[in-house]
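J.: I'd like to ask you about the structure that follows.
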Amino acid sequence: MTEIKEIAGIRLDVSATEEFLPKNELDAMAPAVNEAAASLEQGTCKGSEYLGWMDLPKNISEADFAAIEASAGRACSDAQVYVVVGIGGSYLGARAVLDALRGMETDSRTGYPEIIFAGTGLCSSTLNRVLSKCIGRSFRICVISKSGTTLEPAVAFRTLRTIMLERYGASEAARRITAVTDGERGALRQLADGEGYETFVIPDDVGGRFSILTPVGLVPLAAAGIDVRAIMTGAEKMRQACLSTDLRSNPAHLYAATRFGLYQKGFTTEVMSTFHGDLQTVQEWWKQLFGESEGKGGEGIFPASTVFTTDLHSMGQYIQDGRRNLQETFLCVRNAVSRLTVPGDTQISDDKPANLDGLNYLAGRTLDDINWKAYEGTKAAHGAGGVPCSSIEIDAITPEVVGALLYMFEKAVAVSGLMLGVNPFDQPGVETYKKEMFRLLGKPQ
Ligand code: PA5
């Protein structure tokens with residue numbers, strides 16, 4: 001039995017995949033993993049112009065933190081609502097962290113504005129709901145777009161900006177808008193410079209889905225009262241661990257090798273399953289990161305996700321018994337914050353016996369303990385059903401651990417993408433729908 005190390009609050013257990021990917025075969029992949037990792041370190045890999053994400057946790061300066069925290073301070077002082085406008089890599093990371101840390105919410109977040117997201121699609125009722133949240137409440141806008149030209153956030157921003165101009169007038173509106181965008185190029189950069197918005201720069205060498213640890217993620221998270229320094233501390237701990245050439249000491253490499261080895265054996269879909277609803281948006285972020293990085297040239301593991309036990313009552317049947325091309329990665333939390341227990345049920349009168357629902361065997365146990373048993377039972381069942389299962393076990397969801405987890409996934413997908421033979425840092429396929437949509441909309445050339 002392989003020893004499982006905990007690194008930066010995260011334990012990766014791949015032992016239940018051994019039946020499908022024997023230990024010696026997994027270990028034999030170490031040289032290929034290290035070769036991919038070395039090409040990242042040396043900047044000789046495909047897509048090497050987009051490797052800025054690798055050193056973000058190490059390179060962030062006190063001045064960077066101070067600027068981000070000052071912006072958050074301004075938002076706290078005069079906004080009840082903070083509307084984050086962005087799509088894809090320009091919003092998913094911040095939303096994932098915010099949702100993940102919901103369980104930590106205490107009075108310490110009192111005084112921070114409510115964060116809402118806009119520009120994540122073109123659905124009018126979704127945007128309408130955002131607009132109605134701003135009625136009668138002071139608000140700020142943080143518009144995030146690296147290209148500065150993406151249709152969905154641009155439309156939402158124009159709509160929100162128009163309302164803001166009507167409400168506050170030109171100069172106060174300009175003071176209430178923060179733009180996170182390219183340092184020089186794009187329509188948003190031009191607009192921000194022209195209007196005098198506060199701006200933060202997305203580095204040229206960091207692609208959208210790798211940008212959570214840049215101002216793209218950190219500016220809105222700080223405005224929400226999240227400890228962004230702790231996020232970067234966790235990411236830095238994981239960055240250092242992920243420099244190891246020992247496969248078993250490097251969770252990103254071990255994860256990359258396991259899922260890639262399983263892919264080669266026909267397990268072409270990876271389902272990330274969590275028993276913790278607050279991690280659902282982390283799964284969405286993970287899907288974008290892995291899907292956009294690997295899915296090209298006819299290759300790539302299809303990333304899917306489920307939230308259990310809810311989805312055990314829908315997707316559970318397929319995972320247990322459907323087509324056997326699934327590998328599953330559980331994302332679990334050992335110590336959830338809530339201490340809810342199942343109440344006991346005692347007899348209150350002769351004609352009303354206790355325990356009619358038969359649940360007294362659970363009385364006094366925490367929901368999280370029961371949830372953990374559901375995880376263990378599900379993992380055993382799916383393994384027996386022919387699904388290779390790995391587990392990423394988190395001790396507790398804290399900003400530091402979340403930062404470590406995000407970095408681990410970034411490093412893992414960079415390595416596994418390179419092992420697949422693709423460029424993990426581009427997304428040429430995304431342009432195809434845009435061309436068709438703009439043709440139908442009659443966009444001027
Ligand atoms: O990963 C990516 O590159 C994409 O998801 C982008 O982040 C997304 O399309 C938004 O692009 P932009 O920030 O240029 O508006």
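J.: Would you mention how many residues in the stretch 49-61 are surrounded by fewer than 17 Cβ atoms within 10 Å (Cβ to Cβ) and within 12 Å of MET232 (Cα to Cα)? Reasoning before the result, please.
T.: Going residue by residue through the stretch 49-61, those that are surrounded by fewer than 17 Cβ atoms within 10 Å (Cβ to Cβ) are 49, 55, 58-59, 61.
Still in the list and also within 12 Å of MET232 (Cα to Cα): 55, 58-59, 61.
Result for the stretch 49-61: 4.
J.: Still on this structure, I have one more. Only one of (1) within 14 Å of the ligand (Cβ to nearest atom); (2) surrounded by 22 or more Cβ atoms within 10 Å (Cβ to Cβ); (3) of a type outside the set (D, E, K, R); (4) not in a helix (DSSP H, G or I) fails for ILE226. Which number is that?
T.: (1)
J.: Can you say whether LEU160 is away from the ligand (no atom under 13 Å from the Cβ) and touching a residue at least 40 places away in the same chain (Cβ under 8 Å), as far as the supplied structure shows?
T.: Numbers: away from the ligand (no atom under 13 Å from the Cβ): yes; touching a residue at least 40 places away in the same chain (Cβ under 8 Å): yes.
Yes, satisfied.
J.: With the checklist (1) within 16 Å of the ligand (Cβ to nearest atom); (2) in contact with a strand residue (DSSP E or B) (Cβ under 9 Å, 6 or more places away or on another chain) in hand, flag the one item LEU213 doesn't pass.
T.: (2)
Listed here are the residues, each with its yes/no results for (1) in the same structural domain as ALA174 (by TED's automatic domain parsing); (2) of a type in the set (D, E, K, R); (3) closer than 16 Å to LEU92 by Cα.
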site	(1), (2), (3)
ALA187	yes, no, no
GLY194	yes, no, no
GLU198	yes, yes, no
VAL201	yes, no, no
ILE212	yes, no, yes
GLY217	yes, no, yes
GLN240	no, no, no
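J.: When you look at ILE397, is it surrounded by 14 or more Cβ atoms within 10 Å (Cβ to Cβ), over 21 Å from GLY316 (Cβ atoms), touching a residue at least 40 places away in the same chain (Cβ under 8 Å) and in contact with a strand residue (DSSP E or B) (Cβ under 9 Å, 6 or more places away or on another chain), yes or no?
T.: Answer is yes for this residue.
J.: If you take the residues in the stretch 167-210 that are charged (D, E, K, R) and within 16 Å of the ligand (Cβ to nearest atom), which one is farthest from PRO153 (Cα to Cα)?
T.: Looking only at the stretch 167-210, we keep the residues that are charged (D, E, K, R), and these are 167, 172, 175-176, 182, 184-185, 189, 193, 195, 198, 204-205, 209.
Narrowing further to those that are within 16 Å of the ligand (Cβ to nearest atom): 182, 184-185, 189, 204-205, 209.
Details: ASP182: 15, GLU184: 19, ARG185: 17, ARG189: 14, ASP204: 20, ASP205: 22, ARG209: 16 Å.
Ranking the qualifying residues of the stretch 167-210, first place goes to ASP205.
J.: Next question. Would you please name the residue that is nearest to the ligand (Cβ to nearest atom), looking only at residues in the stretch 273-312 that are aliphatic (A, V, I, L, M) and out of contact with any Ser or Thr (no Cβ under 9 Å at 6 or more places or on another chain)?
T.: We begin by selecting, within the stretch 273-312, every residue aliphatic (A, V, I, L, M); these are 279, 282, 289, 301, 304, 307, 312.
Narrowing the set further to residues that are out of contact with any Ser or Thr (no Cβ under 9 Å at 6 or more places or on another chain) leaves 279, 289.
Values: LEU279: 20, LEU289: 8 Å.
My answer is LEU289.
J.: For the stretch 410-445, which positions are of a type outside the set (A, V, I, L, M), within 14 Å of the ligand (Cβ to nearest atom) and either at pLDDT 95 or above or surrounded by 10 or more Cβ atoms within 10 Å (Cβ to Cβ) (or both)?
T.: Residues of the stretch 410-445 that are of a type outside the set (A, V, I, L, M), as a first pass: 410-411, 416-417, 421, 423-429, 431-436, 438-439, 442-445.
From the residues that got through so far, the ones that are within 14 Å of the ligand (Cβ to nearest atom) too are 410, 417, 423-429, 431-434.
Hits for the stretch 410-445 are GLU410, GLY417, ASN423, PRO424, PHE425, ASP426, GLN427, GLY429, LYS434.
J.: Another question, if that's okay. Kindly list the number of the only condition in (1) within 16 Å of the ligand (Cβ to nearest atom); (2) at positive phi; (3) in contact (Cβ under 8 Å) with a residue 60 or more places away in the chain that fails for GLY111.
T.: It is condition (1) that GLY111 fails.
J.: Separate question: For the stretch 131-150, how many residues meet the condition of being modelled with pLDDT of 95 or more and either buried (at least 20 other Cβ atoms within 10 Å of the Cβ) or within 16 Å of the ligand (Cβ to nearest atom) (or both)?
T.: Of the residues in that region, 7 qualify.
J.: Further question on the same structure: Sort out which residues of the stretch 334-358 are among the small types (Gly, Ala, Ser), modelled with pLDDT of 80 or more and surrounded by 10 or more Cβ atoms within 10 Å (Cβ to Cβ), and write them in order of number.
T.: Matches in the stretch 334-358: GLY344, ALA354.
J.: Considering only the stretch 9-21, I want to know if a residue exists there that is assigned to a loop (DSSP other than H, G, I, E, B) and closer than 21 Å to ASP395 by Cβ.
T.: Here is the first cut: in the stretch 9-21, the ones assigned to a loop (DSSP other than H, G, I, E, B) are 9, 14, 18-21.
Next cut, closer than 21 Å to ASP395 by Cβ only: 9, 14.
Looking through the stretch 9-21, at least one residue is assigned to a loop (DSSP other than H, G, I, E, B) and closer than 21 Å to ASP395 by Cβ.
J.: I've got another one for you. Among the listed residues ALA66, ALA37, ALA96, ALA75, identify the single one that is at pLDDT 95 or above, in a helix (DSSP H, G or I), in contact with a strand residue (DSSP E or B) (Cβ under 9 Å, 6 or more places away or on another chain) and not aromatic (Phe, Trp, Tyr). Explain how you work it out, then say what you get.
T.: On the way: ALA66 fails: in contact with a strand residue (DSSP E or B) (Cβ under 9 Å, 6 or more places away or on another chain); ALA37 fails: in contact with a strand residue (DSSP E or B) (Cβ under 9 Å, 6 or more places away or on another chain); ALA96 fails: in contact with a strand residue (DSSP E or B) (Cβ under 9 Å, 6 or more places away or on another chain).
Answer to the selection: ALA75.
J.: Of GLY89, GLY103, which residue is in a helix (DSSP H, G or I), within 16 Å of the ligand (Cβ to nearest atom), within 30 Å of CYS123 (Cα to Cα) and touching an Asp or Glu at 6+ places or on another chain (Cβ under 9 Å)? Steps first, please.
T.: Numbers: GLY103 fails: within 16 Å of the ligand (Cβ to nearest atom).
The unique qualifying residue is GLY89.
The values are calculated or read from the model by the stated rules, or taken from the named source; none is laboratory data. Computed from a predicted structure; not experimentally measured. Neighbour counts run over all protein chains shown; Cβ positions are idealised from the backbone, glycine included.
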